[in-house]
Amino acid sequence: MKHYLIAGNSTAGLAAVRALRQHDPRAKITVVSAERHLPYSRVLLTHLIAGHVDAGQLALVEPSFFEQPGLELLAGRQVVQVDPKAKTVTLDDAVTLPYDKLLLATGAGPVIPAGFSTGYPQVTGLRTLEDAALISRHAAAGAKIAVVGGGPVGVKLACALREAGASPELIVSSPRLLSRVADDEAAAMVRRHMSQCGIRIRTTTVIVHLEQSRDGGALITLSDGTSLPCRLVVFCKGVRPHTSMLGGLQPPGAALRVDRWMRTSFEDIYAAGDVAETYEISSRSFCTAATWPHAVEQGRVAAMNMAGLAMAYRGSLNRNAMDILGLPFISIGLVKAPSRGGYDLRIQRNGNSYRKLVYRRGRLVGIQLIGDVREAGFRQAQIRRAAARDIEIESTMCCEEEKHE
Amino acid sequence: MLTTIQVDPARCDGCGRCTVACAMGGAPAGGGTGAAPRPPRLWIREAGTRRRIDVCRHCETPVCANACVAGAISIDESSGTVRIAADKCVGCYSCIMECPFQALRFSGGKAIKCDGCSGLSSPLCARFCPTGALQAARSGGLAPRRRRHRAVIRKAGP
């Protein structure tokens with residue numbers, strides 16, 4: 001009987017548990033979860049703050065889920081060390097567990113700049129239920145809250161705070177919002193819409209100084225010299241993968257690169273979710289695709305391979321969908337075309353809607369939609385089909401080259 | 001045995017009876033016809049020179065359900081249909097980003113799609129289609145992979 005060990009009990013870890021139950025129902029599965037809570041939807045945290053859902057709706061499983069025979073949950077515990085040679089892990093309470101196959105689905109934690117990371121109760125990230133509860137508490141009182149970072153999380157949080165009745169102030173270091181998921185024009189449309197909804201946005205701005213004020217709030221000084229009093233500063237400046245359990249085997253802060261079977265470079269160790277670095281088909285490079293659908297798919301594919309079924313991962317495709325205070329936004333694949341390499345653009349604008357398709361040598365590699373987003377799924381399939389054809393052609397070419405040799 | 005609807009867009013002349021039938025008679029929870037009109041759950045769309053019928057295929061591993069961050073989309077075990085629990089949907093557009101069949105739309109801030117008319121003996125869109133573009137059929141003879149591509153709606157049968 002195989003013993004599967006799953007480190008991490010969020011989206012990817014849970015998808016893996018479900019797939020393992022399905023494909024190897026008699027195996028023993030141990031799940032190690034750093035959080036005490038049962039798994040919950042992190043993506044819903046901004047919706048919780050906005051008041052779209054209540055805390056009970058965040059649960060991903062019934063409380064009885066982990067009572068199934070053969071399934072053990074070690075909640076509130078962390079894997080602190082992995083020994084790939086001995087095939088054991090050590091937990092934070094010094095217990096050592098052996099495994100046959102290990103899945104690292106430990107996720108990632110928010111990056112808070114060094115100067116502000118400790119000693120400030122007014123500074124937080126947005127990653128856990130506790131973070132969301134803290135933000136909600138202040139939002140309910142209509143407080144001014146500084147959101148640092150103009151990526152999808154920062155934008156969604158600023159919108160949620162507005163809906164909750166708080167006064168969000170979005171502080172972005174780059175000259176525009178959503179610099180990785182939108183082009184200049186789409187970003188400008190999003191910015192205009194958010195500003196009209198009452199969200200103050202400052203671009204090309206960073207926090208240079210943070211001071212605790214006497215009333216328990218914070219007084220931040222921005223790079224343009226402005227002083228800004230606020231109750232809370234939330235950093236949404238990206239995440240760092242949790243790989244410390246690998247010690248010297250992995251450079252700190254680097255994600256675990258996996259092959260198409262979701263295997264890391266260590267034998268019998270797989271990775272999925274925000275901790276994994278996968279092949280991304282539109283950029284044709286390895287990157288972390290830290291979104292929900294990727295985590296679910298990677299967790300499931302990893303589990304199937306752990307169970308001995310050969311299931312290839314079809315590759316990540318960077319994509320984001322958001323409702324920005326009533327303005328639908330979806331972006332898939334490449335958002336900006338490099339100046340060289342045979343790229344073509346097709347752009348349509350119509351009032352509050354925007355549609356941009358990016359082609360590489362006649363094949364679709366990216367799309368952005370604002371307003372009317374209905375065609376998004378079809379276009380995603382088109383991008384994947386085109387990429388699969390390219391890969392096929394490349395591999396046939398390789399084979400032919402080998403033959404010539 | 002599952003009862004299915006097969007979609008053949010080439011036969012569709014765009015009359016729109018299916019969408020009217022869907023809007024008028026959709027089976028809300030509990031079943032029964034004669035409910036108040038609601039937005040239809042399937043759509044006829046002109047795509048270039050071709051006509052398409054956007055309707056849920058009720059996939060066996062639905063990409064929309066994988067992508068749903070709120071756990072609002074699931075497979076109904078008794079009928080095999082893919083359902084949206086409207087009270088759970090947070091309107092994030094993730095499902096629309098995933099579905100290659102464009103089978104989902106938004107209505108009132110929530111995602112909507114075909115529910116397979118599970119409360120009825122056969123799906124209304126097929127019953128009212130005069131050209132055979134939508135047909136109720138048995139799915140047993142088709143291989144699963146082919147079934148997915150053939151645009152079918154699965155339904156529990158006797």
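Given the structure, is residue A:156 in contact with a strand residue (DSSP E or B) (Cβ under 9 Å, 6 or more places away or on another chain), under 19 Å from residue A:192 (Cα atoms) and buried (at least 17 other Cβ atoms within 10 Å of the Cβ)? Full working, then the answer.
Details: in contact with a strand residue (DSSP E or B) (Cβ under 9 Å, 6 or more places away or on another chain): yes; under 19 Å from residue A:192 (Cα atoms): yes; buried (at least 17 other Cβ atoms within 10 Å of the Cβ): yes.
Yes, satisfied.
Would you mind listing the helices (runs of 4 or more DSSP H) fully within region A:104-209 where at least 3 residues are more than 24 Å from the chain's Cα centre (by Cα) and over 30 Å from residue A:271 (Cβ atoms)?
Working: elements: A:129-140, A:152-163, A:184-196.
Passing ranges, in order: A:129-140, A:184-196.
Look through region B:69-84, keep the residues that are more than 21 Å from residue A:295 (Cβ to Cβ) and assigned to a loop (DSSP other than H, G, I, E, B), and return whichever of them is nearest to the other protein chains (Cβ to nearest Cβ).
B:77
Residue A:341 - would you say it is closer than 30 Å to residue A:163 by Cβ and small (Gly, Ala, Ser)?
Working: closer than 30 Å to residue A:163 by Cβ: no; small (Gly, Ala, Ser): yes.
It is false that residue A:341 is closer than 30 Å to residue A:163 by Cβ and small (Gly, Ala, Ser).
Which is in contact with a strand residue (DSSP E or B) (Cβ under 9 Å, 6 or more places away or on another chain), among the hydrophobic types (A, V, I, L, M, F, W, C) and under 27 Å from residue A:331 (Cβ atoms), of B:95, B:117?
When all the criteria are applied, what remains is B:95.
Would you mention how many residues in region A:72-94 are under 24 Å from the mean Cα position of the chain (by Cα), surrounded by 15 or more Cβ atoms within 10 Å (Cβ to Cβ) and part of a loop (DSSP other than H, G, I, E, B)?
Going through region A:72-94 one residue at a time, the tally reaches 2.
Being surrounded by 19 or more Cβ atoms within 10 Å (Cβ to Cβ) and in contact (Cβ under 8 Å) with a residue 40 or more places away in the chain, is that true of even one residue in region A:63-71?
no
Name every residue in region A:326-345 that is over 20 Å from residue A:289 (Cβ atoms) and either within 14 Å of chain B (Cβ to nearest Cβ) or in contact (Cβ under 8 Å) with a residue 40 or more places away in the chain (or both), in order of residue number.
A:326, A:327, A:328 - these are the residues of region A:326-345 that are over 20 Å from residue A:289 (Cβ atoms) and either within 14 Å of chain B (Cβ to nearest Cβ) or in contact (Cβ under 8 Å) with a residue 40 or more places away in the chain (or both).
Any chance region A:23-42 includes a residue that's within 30 Å of residue A:167 (Cα to Cα), in contact with a Leu (Cβ under 8 Å, 6 or more places away or on another chain) and of a type in the set (Ser, Thr, Tyr)?
Scanning region A:23-42, I find at least one residue that is within 30 Å of residue A:167 (Cα to Cα), in contact with a Leu (Cβ under 8 Å, 6 or more places away or on another chain) and of a type in the set (Ser, Thr, Tyr), so the answer is yes.
Could you say whether any residue in region A:324-343 is assigned to a strand (DSSP E or B) and surrounded by fewer than 19 Cβ atoms within 10 Å (Cβ to Cβ)?
Yes - at least one qualifying residue is present in region A:324-343.
Test each condition in (1) more than 13 Å from every other protein chain (Cβ to nearest Cβ); (2) aliphatic (A, V, I, L, M); (3) touching a Cys at 6+ places or on another chain (Cβ under 8 Å) for residue A:358 and report the one that comes out false.
Going through (1) more than 13 Å from every other protein chain (Cβ to nearest Cβ); (2) aliphatic (A, V, I, L, M); (3) touching a Cys at 6+ places or on another chain (Cβ under 8 Å) one by one, residue A:358 breaks only (3).
Considering each residue of region B:85-128, count those that are facing chain A (nearest Cβ under 9 Å), out of contact with any helix residue (DSSP H, G or I) (no Cβ under 6 Å at 6 or more places or on another chain) and either buried (at least 21 other Cβ atoms within 10 Å of the Cβ) or of a type in the set (A, V, I, L, M) (or both), and give that number.
4
We did not get these values from a lab; they are worked out from the coordinates using the rules stated. These figures come from a predicted structure and were not determined experimentally. Note: ideal-geometry Cβ built from the backbone for every residue, glycine included; neighbour counts use all protein chains shown.
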